[in-house]
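Visitor: Mind having a look at this structure? Questions to follow.
Please treat every number below as a calculation from the coordinates, not as lab data. The model shown is predicted, which means the values in this text are computed figures rather than measured ones. Here the Cβ positions follow ideal geometry from the backbone for every residue, glycine too, while neighbour counts run over all protein chains shown.
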Amino acid sequence: MLAGMERETPSLPCFMSDHEGFRGIIKTSTKDFVVTEIDIRGRVVNGPVSPKDPAIWTNAEVRGSSLKKCTNANLRTESTASDEVAVGMTSLKGDDVLSHDRFDLSVLLGSSANEALEQFTNGILECTGEQKVTEVSLGSFPDKHQRANVHRAVRHNFPFLMTVTEQAEIRVREDPAFRELSELVSEEEAEDFFRFIDVKTPGSVFTFLADDSKEHRTHVHHFMNRRFGKLVETKSFTDQKGTAITVRLRERGRGPKKRTAADSEEQVDTYTAFTLRKENLETLEAISYMAAALGVLPSDFSYAGIKDKRAITYQSMTVKKISPERLLKVAHEFERRGMQLSHIRSASEPLRLGRLQGNHFDLVIRDVRPHGKCSSTDLEKLVKEAVENVKGGVVTILQTRGFVNYYGPQRFGNSQSIQADQVGLALLKEDMNTAVRLFLSPDEGDDLQNKAKRHFLHTGSAKESLALMPICRPRERLMLRALHRYGDGHHGCERAWLGLPHTARLFYLHAYCSRLWNEAAGHRLRALGPRPIQGDLVWVEPPLRAPPAGETHTPLVHVVTAAEERDNVFSLDQVVLPMPGNTVKYPENVVGEWYRDRLAQDDLGSSRFRINSLKLNVPGCYRPLLAFPHNITYMLQVEEPQVTGQSSPKHTSSLKLSFDLDASCYATVFVREVMKCEP
């Protein structure tokens with residue numbers, strides 16, 4: 001039976017086993033929480049070097065000024081094409097144009113050049129006729145990589161501009177082609193199209209909004225043929241929404257016409273893979289530091305998964321357009337930021353999100369003590385019973401070990417005041433103003449970012465708040481810059497959200513769906529108990545096997561029948577629950593009713609997981625109800641006390657715990673099941 005109901009908490013209410021547990025503290029320091037990624041082949045990413053694998057460059061070779069090659073068996077290139085995310089908007093099909101992070105131009109250009117650029121763009125937007133300044137210089141950029149990224153960043157931030165290189169100097173002008181297109185379609189569509197055309201991904205597709213005027217469509221076709229004829233081909237398609245023009249980029253080799261006179265070095269197909277060790281840093285924060293040092297965009301980095309901040313973590317990454325030699329030259333600069341690079345080698349493709357088998361954890365739980373009073377011998381027995389109870393599997397149909405596969409607290413963001421799922425709910429309701437203010441809600445503390453957020457909420461001045469916001473908060477700066485440009489009304493807030501990368505916008509919707517999944521899991525176990533019931537969803541795939549512990553979009557689910565319930569055909573470890581979305585199947589019992597009622601409480605329905613204005617679509621997925629640790633080892637140690645004053649010294653105990661978890665499973669949730677309390 002389910003245990004631990006007397007210890008319910010609002011967020012994670014259920015335990016799977018009935019041992020006593022113990023108390024303790026995790027993450028007293030980053031060294032007490034070490035996470036090592038396990039690649040798709042089941043190998044830790046910081047494993048030893050072997051002479052049988054592809055070339056690797058080492059940090060020692062950088063400092064020695066001579067670059068030598070060595071090899072590695074544990075870190076062979078494993079990456080595939082970058083992850084595709086459905087966008088659910090008629091203006092984008094195929095590649096997600098807006099997923100390319102808009103790097104903070106103040107970092108690339110410097111404050112003075114960035115200010116001159118913003119004044120120039122404001123002049124284009126506000127002035128007419130001869131009052132306009134025709135162009136502005138951004139300065140000289142001798143390094144071709146930095147020059148190429150300035151071109152990309154400027155055009156992505158300001159699609160109505162064109163960039164021109166004159167020797168090493170970059171000059172910016174208004175793009176007449178953009179103005180011409182914006183007279184045929186909306187300004188928003190024109191901006192999205194020019195971002196799409198600037199990425200130049202062969203075979204990708206852009207679709208304009210439906211247009212019932214054949215004459216108007218003809219003008220758009222003629223414009224495309226005249227301006228981009230060698231680069232794209234256009235067709236009109238009719239569906240239930242009407243007739244719309246689809247633009248497809250031609251395959252390489254057909255002599256595409258370039259949009260600007262930018263350097264040809266922008267088209268570089270070089271990838272470098274490496275292992276990143278970081279300490280007390282978020283993954284995206286680490287990427288921002290590296291991108292600034294290398295002069296590339298954050299979107300040029302790819303990774304298999306996000307790792308904890310308050311920890312020491314090892315994970316695989318790839319970076320585009322950077323050679324191993326160049327990465328080595330700047331690798332030592334990252335060490336002062338708590339980052340180290342190793343296993344640097346060439347790669348043919350980027351990593352894909354989710355392209356990992358799981359993670360290995362090495363934890364230390366400090367100040368281990370029983371919930372009640374007991375001797376040290378009893379404590380050792382408690383720890384052994386706790387770990388052994390959780391690490392098993394399905395013992396009998398009515399006794400399943402493991403732990404409830406809840407999403408951990410890091411899924412909902414690091415904010416102390418506003419959780420990410422609250423922002424996600426506001427977005428799903430398309431209340432853009434509320435979502436912006438929740439996003440910019442300050443936490444306690446007087447650091448610069450919280451001062452900037454408070455200033456915005458108190459004054460409404462995006463310009464002044466932007467000046468206060470530190471450069472290390474690129475997403476807040478992107479949002480404030482858009483609010484300054486478009487205003488803080490509904491349209492301005494919508495544009496501010498569009499200014500963030502697609503993955504960032506999607507994160508908040510996923511946080512809301514994860515919160516609902518956690519609540520649904522607790523309700524399922526309380527209402528229906530520890531065995532599959534008629535109407536439950538189970539994972540099935542010939543031959544029958546347990547589902548992967550992470551999320552899966554593959555719709556290989558089956559609804560349990562009354563006969564299957566009676567005959568105990570399935571076990572609890574095969575039960576899955578849906579993450580809410582547009583395409584998932586919901587359980588056909590009281591749990592399905594719970595989903596409908598819970599969504600109705602938030603004024604949502606099962607079809608509300610698409611936000612066309614933000615190009616967001618959440619199809620939904622399935623997540624196993626239970627998860628299981630692998631390769632567990634543990635050791636309880638009694639630490640020698642430090643004698644202070646006249647008081648009797650007390651012995652304290654610590655537990656060293658090592659284990660593997662599948663991708664998308666949370667160590668803090670597993671530890672909670674072992675300890676029977678919040679760690």
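Visitor: Pairs 31/278; 200/320; 429/451; 230/320: which are spaced more than 20 Å apart, C-alpha to C-alpha? Walk me through the intermediate numbers first.
Guide: Details: 31/278 11 Å; 200/320 15 Å; 429/451 28 Å; 230/320 26 Å.
From the list (31/278; 200/320; 429/451; 230/320), the Cα-Cα distance tops 20 Å for 429/451; 230/320.
Visitor: Under the Kirkwood approximation applied to all pairs of distinct alpha-carbon atoms, what is the hydrodynamic radius of the range 440-499 in Å?
Guide: Details: mean 1/r = 0.0894 Å⁻¹.
It is 11.2 Å.
Visitor: Sticking with this one: Give me 299, 465 sorted ascending by neighbouring Cβ count inside 10 Å, so fewest comes first. Mind showing how you got there, number by number?
Guide: On the way: 299 20, 465 25.
The fewest-first ordering by Cβ neighbours comes to 299, 465.
Visitor: Quote the charge dipole size of the range 504-624 about the Cα centre in Debye, to the nearest 20; the model charges only the Cβ of Lys and Arg (+1) and of Asp and Glu (-1).
Guide: Details: 14 positive and 13 negative charges, 91 e Å.
Approximately 440 debye in magnitude.
Visitor: Quick one: order 141, 439 by neighbouring beta-carbon count within 10 Å, fewest to most. Before the final figure, lay out the partial values.
Guide: Details: 141 21, 439 24.
Ranking 141, 439 by Cβ neighbours within 10 Å, fewest first, gives 141, 439.
Visitor: Around residue 468, with a cut-off of 14 angstrom between Cβ atoms, what is the net charge of the other residues, counting Lys and Arg +1 and Asp and Glu -1? If you can, show how the numbers build up before the last one.
Guide: Details: positive: 451, 453, 454, 463, 473, 477, 481; negative: 446, 447, 464, 476.
Summing Lys/Arg as +1 and Asp/Glu as -1 gives +3.
Visitor: OK, next. Pick out, in residue order, every one of the GluC sites (Glu not before Pro) in the range 420-476 that is DSSP loop and has at most 13 other C-beta atoms within 10 Å; say none if there are none.
Guide: Values: sites: 430, 444, 464, 476; in loops: 430, 444.
When the GluC sites (Glu not before Pro) of the range 420-476 are filtered for loop state and at most 13 Cβ neighbours within 10 Å, 444 remain.
Visitor: I want the local charge near residue 401. Using Cβ-Cβ distances under 13 Å, sum +1 for each Lys or Arg and -1 for each Asp or Glu among the other residues. Could you put the intermediate results ahead of the total?
Guide: Working: positive: 391; negative: 18, 385, 388, 573, 673.
Net of charged neighbours comes to -4.
Visitor: All other residues with a Cβ under 14 Å from the Cβ of residue 589 taken together, and with Lys, Arg as +1 and Asp, Glu as -1, what is their net charge?
Guide: Values: positive: 524, 526, 531, 585, 596; negative: 536, 564, 565, 588, 593, 597.
Residues near residue 589 contribute -1 overall.
Visitor: Arrange the following residues from fewest to most other Cβ atoms within 10 Å of their Cβ: 151, 19, 558, 490.
Guide: Working: 151 25, 19 21, 558 18, 490 13.
Placing the least packed residue first, the sequence is 490, 558, 19, 151.
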